[in-house]
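Take a look at the structure set out below.
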Amino acid sequence: MATVDLNQKIPNNVGLADDRRLQRALEKWQPEFLSWWNELGPVQSKANDVYLRTAVDVSGAGWAQFDYVKMPEYRWGIFLADKEEGREVNFGSHKGEAAWQDVPGEYRAELRRLIVTQGDTEPASVEQQRRLGMICPSLYDLRSLYQVNVEEGRHLWAMVYLLHAYFGRDGREEAEEMLQRHAGDADKPRILEAFNENTDNWLSFFMFTYFQDRDGKFQLHSLAESGFDPLARTCQFMLTEEAHHMFVGETGVGRVVKRAAQMSAEHNTLDIRPHGGIDLPTIQKYMNFHFSICLDLFGQEHSTNGANYYSMGLKGRYLETKIDDDHVLTDAVYNVPIIDNGKITTGEDTALLAINERLRDDYIADCQRGVDRWNKSIKDAGVDFELTLPHKAFHRNIGTFQGQYASPEGEIMEKDAWEAKAPEWLPTEDDRKYVLSLMAPVHEPGKMANWIAPPDRGIHGQPIEFEYVRIH
Ligand code: BYC
């Protein structure tokens, strides 16, 4: 049942052939998706043969096959994790009822909004990353970029399937609009702020896949708990693919850090720009930027939307069913940051209204793990420098800290004083120019740009020297 037939026009494991109307609607959307990919997907990539993995099965081991594929021929399809018999709504006011196989009418608008917001981020990221292929640090990395891109495309398919299958005409209209909003577009931008940022260099790409895709992980986990079963099953399978994106981010930043630490040790200075490296203080600034814009992706600390999604049974907490409490949160409280007398302290909110903040805290703890590993590699190189995640109040544009000027240490400052210090904390125009100046394409198999260490191993048992992309 779980095996996917790749020979169908739209590969799927949802019995599309048995639903002619839905099939026709999706087959109408398919060429629109492809023309979007050709127009706004990775530039100058169409003729390349890329060693890609394609999902062929939704059950654990052996779920993917690896082969050379030209990206416009990638088999984007619709894959849901297997149905769990007897599954229930596991939280909120419907806790204990049978999970919904259809959209609960009274929550239609909220559910659609969640699916649209999730779906919108997927093509956004492809648009944001579209020029990176031309300046790849190695063929290994080029392949990673393309793998991430085709899978984000598939994740768009996942949400578009839900819209088409469960929301009728307005679902189809939302699916159209997914291809009409564009990252950074002045008139029709993407929904969430971080998905309109420019990602024009590979340090940003690795930070993106580490921090922004990790927001994806936490949001998808929360949606994978949904009482609306098709959404839960869709997100469960997306998480399988998503894990690789964070691997790209963690090892990507890790390799830039490792190379920076090597060069710093070799030349006995943090200032390795004369040697063509990306110095650790610059890496810290990029981290400050990407981490802070991703914290905004969790919404406000105090959110009636978040509380409603939870009580309605539409969006749970991270690992909801593993949490030991009543899963209704009638009397529970949660600590949230507040500003009192110009200082950041902790206050109490109801756990329901603080649901976004809890997810943000889970996310921060997960982000810290990679930072610890990067710091270990700096220490191992014998270099005296430590990367740190900035305080959650730093450089924020949503919620309690919007309009505040907090330092990376979490001290509220005057605007002028903050602005005077900002060039030490966030990438400056010069930093961006410098990083961009290093971005020259490396196309020889096994070769790496000077500013990044090689990976520990290749992909799917292949050597690092493997020709991961045959460029035509
Ligand atoms: N930017 O009540 P609040 C991924 C709006 S990434 C702009 O706190 P809520 C991926 C908000 O819409 C995961 N606007 O909001 C990663 C609301 O507007 P209204 C994507 C924002 O709804 C890498 C108002 O502010 N998935 O998969 O609780 C590559 C009040 O805020 C933002 C999801 O996000 C913002 N950052 O929280 C590829 C999951 N934040 O009502 C893919 C689905 C808030 O006043 N989305 N606003 O008009 C959600 O669960 C929620 O929409 C959010 C927002 C958590 C994002």
Residue within region 227-250 that is open to solvent by less than 10 Å² (accessible area, probe 1.4 Å), under 21 Å from Pro427 (Cα atoms) and either touching a residue at least 40 places away in the same chain (Cβ under 8 Å) or part of a helix (DSSP H, G or I) (or both) present: yes
Unmet requirement for Trp418, which otherwise passes all of (1) touching a residue at least 12 places away in the same chain (Cβ under 8 Å); (2) loosely packed, with under 14 Cβ neighbours inside 10 Å; (3) hydrophobic (A, V, I, L, M, F, W, C): (2)
Given (1) over 25 Å from Leu145 (Cα atoms); (2) at pLDDT 95 or above; (3) assigned to a loop (DSSP other than H, G, I, E, B), number of the condition Met1 does not satisfy: (2)
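Return the total of residues in region 427-438 being surrounded by 18 or more Cβ atoms within 10 Å (Cβ to Cβ) and under 24 Å from the mean Cα position of the chain (by Cα).
3
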Subset of region 441-472 (residues that are among the basic types (Lys, Arg) and either free of Cβ contacts under 8 Å to residues at least 24 places away in the same chain or outside any loop (DSSP other than H, G, I, E, B) (or both)): Arg457, Arg470
Positions within region 185-220 being open to solvent by 50 Å² or more (accessible area, probe 1.4 Å), farther than 25 Å from Leu26 by Cβ and away from the ligand (no atom under 12 Å from the Cβ), in sequence order: Asp185, Ala186, Asp187, Asn198, Asp200
Tally of residues being assigned to a loop (DSSP other than H, G, I, E, B), among the aliphatic types (A, V, I, L, M) and out of contact with any Gly (no Cβ under 9 Å at 6 or more places or on another chain) across region 417-440: 3
Qualifying positions in region 338-357 - surrounded by 19 or more Cβ atoms within 10 Å (Cβ to Cβ) and not acidic (Asp, Glu): Ala351, Leu352, Leu353, Ala354, Ile355, Asn356
Leu353 being in a helix (DSSP H, G or I) and on the phi < 0 side of the Ramachandran plot: no
Checking Ala261 against (1) surrounded by fewer than 24 Cβ atoms within 10 Å (Cβ to Cβ); (2) more than 24 Å from Ala109 (Cβ to Cβ); (3) more than 10 Å from the ligand (Cβ to nearest atom), the condition it does not meet: (1)
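Being touching a residue at least 12 places away in the same chain (Cβ under 8 Å) and either in contact with a His (Cβ under 9 Å, 6 or more places away or on another chain) or near the ligand (Cβ under 9 Å from one of its atoms) (or both) is the requirement here; does Tyr309 meet it? Give the derivation first.
Details: touching a residue at least 12 places away in the same chain (Cβ under 8 Å): yes; either in contact with a His (Cβ under 9 Å, 6 or more places away or on another chain) or near the ligand (Cβ under 9 Å from one of its atoms) (or both): yes.
It is true that Tyr309 is touching a residue at least 12 places away in the same chain (Cβ under 8 Å) and either in contact with a His (Cβ under 9 Å, 6 or more places away or on another chain) or near the ligand (Cβ under 9 Å from one of its atoms) (or both).
The values are calculated or read from the model by the stated rules, or taken from the named source; none is laboratory data. Keep in mind that what you see is a predicted model, and the values were worked out from it rather than measured. Ideal geometry is used to build each Cβ from the backbone, glycine not excepted, and the neighbour counts take in all protein chains shown. All accessible areas refer to the heavy atoms of the entire protein, side chains included, with ligands and DNA or RNA removed. Shrake-Rupley method; radii C 1.70, N 1.55, O 1.52, S 1.80 Å.
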